Amino acid sequence: MLKGKDIINTTQFSLQELDLIMNTAANFEKRVKDGEVIKNMEGQVVAALFFEPSTRTRLSFETAVNRLGARVITVASAASSSAAKGESLADTIRTVDGYVDVIIMRHPMKGSAQIAADNAVHPFINAGDGSGQHPTQALLDIYTIRKEKGALSGHTVTFVGDLKNGRTVHSLGYFMALYGNKMIFVSPKALQMPEEITADLRNRGAEIEETDNLKKALSVSDIVYVTRIQRERFENPAEYEKLKGSYIVNRALIDQAKKGITILHPLPRVDEISTDVDDYEGAAYFRQAHNGLYVRMALLALITGRA
Ligand code: NCD
């Protein structure tokens, strides 16, 4: 069903494909935890091109490749590739495409993922295109919700933070809509979810509320998805200074939230979740980061036809 496909954004998936990815990921999780030596992708080579900083996405993808028995070549910064010499993205991709079986890329420009995919014969995975989309993060987010909550529908989900620039919420919003969840968007006025996305989600039948009152939103939420103010997307540093710290989730706030609330965050966090929340049992963000490995193994195996 997914063999040979590019992974560009979360609007591309059917419920059936998502089921397949979730089940394949669960299977890989079991096999890894059982200590199995997995060889599904033996003999293949994967390129990980990261033209923007990354810890979890790059390292979990590289681990996924290694755990599948394939090999990985990496560009870990724009400065170390010919992008620094002025090479176009299209030319870089056409070159790398001749070396490997799959290309994974993170790039600062929104829309770069589609350009790259159009220039590659092999399957391409978007690991974040500027403030655009981050589909593999959203896949691991729903894998985490399924594990933590037992179901992917019937929830009220609050998204808080930088909803304007945060690609993770742009991606996850579509999955939450697809599964029929209610969404509450909480942000400073200047960092609201782009109108085109909110309108698109509503067109797809999503129930959405927008507010600046986090405490009230949390009192009715089953899940809160906290995000970092995306400093690298601000043209004016003073504007960032003004908006950082707008919303801080601390233990006192969680103690007043709906009982059993699950706290997610794509990480890295700066100060938007206080460390006193970390030992709350619904604080799932490190489990969420770990789930990325299994979901990325599943995706790689499925698009190469090796699942
Ligand atoms: C996110 C990203 O890069 O968009 N990080 C990640 O991949 N887990 C979130 C962020 O950087 O704030």
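The values are calculated or read from the model by the stated rules, or taken from the named source; none is laboratory data. All values derive from a computational prediction rather than experimental measurement. Note that we place each Cβ from the backbone using ideal geometry, even for glycine, and neighbour counts take in every protein chain shown. Heavy atoms of the whole protein, side chains included, go into the accessibility calculation; ligands, DNA and RNA do not. Shrake-Rupley method; radii C 1.70, N 1.55, O 1.52, S 1.80 Å.
When Rg and the Kirkwood radius Rh are both evaluated on Cα atoms of the stretch 263-307, their ratio Rg/Rh stands at 1.18. A straight line joining the Cα centroids of the stretch 1-71 and the stretch 129-195 runs 21 Å. Once both labels are positioned 7 Å from their Cα atoms along Cα-to-Cβ, the gap between ARG202 and THR63 label points is 4.1 nm. Before rounding to the nearest 500, sum -39500 (n - 2.57) across all DSSP H runs of length at least 4 in the chain and divide by the residue total; then give [θ] at 222 nm in deg cm²/dmol. My calculation for the chain gives -11500 deg cm²/dmol from helical runs alone. Across the chain, the mean sequence separation of Cα contacts (distance under 8 Å, 6 or more residues apart), normalised by length, yields a relative contact order of 21 percent. Taking the Cα centre of the stretch 119-259 as origin and assigning +1 to Lys and Arg Cβ atoms and -1 to Asp and Glu Cβ atoms, the resulting dipole is close to 480 debye.
Please report, as a whole percent, how much of the solvent-accessible surface of the chain comes from carbon and sulfur atoms (probe radius 1.4 Å).
Working: 6250 of 13200 Å².
Carbon and sulfur: 47 percent of the exposed surface of the chain.
Summed over the residues of the stretch 19-120 and divided among them, the accessible surface reaches 48 Å² per residue at a probe radius of 1.4 Å.
Beyond 24 Å, what percent of the Cα pairs of the stretch 162-307 remain? Above the 24 Å cut-off, the stretch 162-307 has 37 percent of its Cα pairs.
Among GLY86, GLY180, GLY69, the largest mean-square fluctuation in a Gaussian network model of the chain (Cα springs under 10 Å) belongs to GLY86. Each of GLY98, PHE124, PRO108 was placed along the dipole of the stretch 87-131 (beta-carbon charges, centred on the mean Cα), and the one lying farthest toward the positive end is PRO108. Taking Cα centre as origin and charging only the Cβ of basic (Lys, Arg, +1) and acidic (Asp, Glu, -1) residues, the dipole magnitude of the stretch 200-307 rounds to 380 debye.
Which value, in debye to the nearest 20, describes the size of the charge dipole of the chain about its Cα centre when Lys and Arg Cβ atoms bear +1, Asp and Glu Cβ atoms bear -1, and nothing else is charged?
On the way: 37 positive and 37 negative charges, 97 e Å.
It comes to approximately 460 debye.
Kirkwood hydrodynamic radius, the stretch 56-192, all distinct C-alpha pairs: what's the number in Å?
Value: 16.7 Å, from the Cα pair sum.
Can you pick out the pairs among LYS3/LYS39; LYS164/LYS189; LYS215/LYS259; LYS189/LYS242; LYS216/LYS242; LYS30/LYS147 whose Cα atoms lie more than 21 Å from each other?
LYS216/LYS242
For the peptides 146-152, 14-20, 70-76, the ranking by mean Cβ contacts within 10 Å, running from highest to lowest, is 70-76, 146-152, 14-20. Per the Debye formula on identical point scatterers at the alpha carbon atoms of the chain, with no solvent, log10 I(q)/I(0) at q = 0.09, 0.16 Å⁻¹ is -0.43, -1.35. Considering the stretch 157-229 at the alpha-carbon level, its Rg and Dmax are found to be 10.9, 28 Å. For the residues ALA78, ALA138, ALA116, a GNM of the chain with alpha-carbon springs under 10 Å puts the largest fluctuation on ALA78.
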